[in-house]
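Worksheet for the structure shown next.
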Amino acid sequence: MKKFFQEIKADIKFKSAGPGQKLTDSAGEKAPREKPQQPALRQPRQGPTDEAQMAAAAALARLEQKQPRARGPTSQDSIRNQVRKELRAEATVSGGPESTGTKEVPEPKEEGSTHLAVPGVYFICPLTGVTLRRDQRDAHIKEAILSHFSTDPVAASIMKIHTFNRDRDRVKLGVDTIAKYLDNIHLHPEEEKYRKIKLQNKVFQERINCLEGTHEFFEAIGFQRMRLPVADQEDLEEFYVLSEAALAQPQSLERHKEQLLGAEPVRAKLDRQRRVFRPSPLASRFELPGDFFNLTAEEIKREQRLRADAVERLSVLRTKAMREKEEQREQRKHTYTLLRVRFPDGCLLQGTFYARERLSAVYQFVREALQSDWLPFELLASGGQKLLEEENLALNECGLVPSALLTFSWDAAVLEDIRAAGAEPSSSILKPELLAAMEKLS
């Protein structure tokens, strides 16, 4: 049986080996090949499947992310300029050369700007009373100080010293040195050496010459610039020499010294933008402009560091002190806050504050709007939490950023007196001029 199967296998193998070849044929001759069959007609190619399209889209997205992109504009003005250029380019393409320069592209407005709670953050110059935007305040104050030299050069030079120089430690050191010069003149009026200040002196160069406004101050209080001979030296040196007229008025020098020591930098005051609204169900809705959220370059870097630490915080057990520290760091993200106070009659008082301002500033703001500003009252945050004036916490520490709705409440004793007198606690308590200017909240 085994031999039978071997013979069958050999026969099958022989038949499948193809056509045979005679031993007498030349080695170069080959058996004729079979004619190749005609290729079948090609089927039309089908489109890619949904899965293939999704994979291709993902691959393109990865390639685009790897390619460096041009950095876009960062400030609002540069963004607006970029939008104007793009709009002009589109108008040129669509309308042809005739449309170029025929129409002015309107400045793009912030989306929803008609319903903003405030148009922005503004400041008031203490010297001129002009209302300024945040990007205008420093330049305007400097211009106002320089223009003040024509009327009061002493006061203008003092303001320049304290305002133009940002390093407060260096300013203090320079001011104290000037005060020491004036004290020596006041204590030793007969000694000539104290009336002369050598400009090339090392102390003068390091502490005074580096500050803006100091030369104007010396000249305004009566010092004159002179070139005088110096012992054992051929070349003349520059000095400030106090004039005889100024020396005859020592009380004036003492007064100028006190003004210099007691001065502060001139800073623009935050405009509260006080507004009063009629009762409205929209009292707790705040549409804030970008000024309340814009971050400086340093703040952006800080935010990036905070986000990088987020993953680590999730994997680490935190103590109460660590959580409180993180909350304080979160509170410092905002510079300004918009507050509304709802009174018993439903009217709303609105104002802008620094996030670092104290509760006493809010109480004073409300008190200035009341007819009876001497009566004690309380302010309540959301949830009925009392914001006590004597605690004097910062607004960001109370969680009142970037906006909050507070509730006005009379002190318990005042409320009893009002009810005993038969009056309504919900009657209007704001000043008549504020009620006359009341607006509708939209």
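If you go through the stretch 396-442 and keep only what is more than 32 Å from the chain's Cα centre (by Cα) and open to solvent by 60 Å² or more (accessible area, probe 1.4 Å), you end up with 412, 416, 417, 419, 420, 421, 422, 424, 431, 432, 433, 436.
Annotation note: Cβ proximity below 6 Å between a residue of the stretch 380-405 that is under 15 Å from residue 292 (Cβ atoms) and a residue that is of a type in the set (A, V, I, L, M) and not in a loop (DSSP other than H, G, I, E, B) (sequence gap 6+ or interchain) occurs for 403/338; 404/339. Just give me the residues in the stretch 387-409 being within 16 Å of residue 337 (Cα to Cα) and among the small types (Gly, Ala, Ser), in sequence order. The answer is 394, 399, 403, 404.
Contact annotation: residue pairs with Cβ atoms under 6 Å, 6 or more positions apart or on different chains, pairing a residue in the stretch 183-207 that is within 17 Å of residue 173 (Cα to Cα) with a partner that is open to solvent by 70 Å² or more (accessible area, probe 1.4 Å), are 207/173. For residue 391, state whether it is open to solvent by 20 Å² or more (accessible area, probe 1.4 Å) and at pLDDT below 90. For residue 391, the condition - open to solvent by 20 Å² or more (accessible area, probe 1.4 Å) and at pLDDT below 90 - is met. Scan the stretch 265-278 residue by residue and report those that are out of contact with any Phe, Trp or Tyr (no Cβ under 8 Å at 6 or more places or on another chain), open to solvent by less than 80 Å² (accessible area, probe 1.4 Å), not β-branched (Val, Ile, Thr) and not in a strand (DSSP E or B). If the condition is that a residue be out of contact with any Phe, Trp or Tyr (no Cβ under 8 Å at 6 or more places or on another chain), open to solvent by less than 80 Å² (accessible area, probe 1.4 Å), not β-branched (Val, Ile, Thr) and not in a strand (DSSP E or B), then 265 is the only one that fits. Sub-9 Å Cβ pairs linking a first residue in the stretch 351-370 that is over 16 Å from residue 269 (Cα atoms) to a second residue that is open to solvent by 20 Å² or more (accessible area, probe 1.4 Å) and at pLDDT 95 or above, at least 6 apart or interchain, are 368/274; 369/274, ordered by first then second residue. Pairs meeting the criteria (first residue in the stretch 250-264 and open to solvent by less than 80 Å² (accessible area, probe 1.4 Å), second residue aliphatic (A, V, I, L, M) and not in a helix (DSSP H, G or I), beta carbons under 9 Å, at least 6 apart or on different chains) are 252/221; 253/221; 253/242; 256/221; 257/221.
Scan the stretch 99-140 for residues that are at pLDDT 95 or above, hydroxyl-bearing (Ser, Thr, Tyr) and assigned to a helix (DSSP H, G or I) and the total you get is 0. Give me the residue from the stretch 220-246 that is surrounded by 14 or more Cβ atoms within 10 Å (Cβ to Cβ) and outside any strand (DSSP E or B) and, out of that set, nearest to the chain's Cα centre (by Cα). Across the stretch 220-246, the extreme among qualifying residues is 220. The selection criterion, being open to solvent by 40 Å² or more (accessible area, probe 1.4 Å), under 18 Å from residue 116 (Cβ atoms) and modelled with pLDDT of 80 or more, holds for residue 335.
The values are calculated or read from the model by the stated rules, or taken from the named source; none is laboratory data. Since we're looking at a predicted model, the values are computed, not measured. Cβ sites come from the backbone with ideal geometry, for glycine too, and all protein chains shown count toward neighbours. Accessible surface is based on the protein model in full, side chains and every heavy atom, while ligands, DNA and RNA are left aside. Shrake-Rupley method; radii C 1.70, N 1.55, O 1.52, S 1.80 Å.
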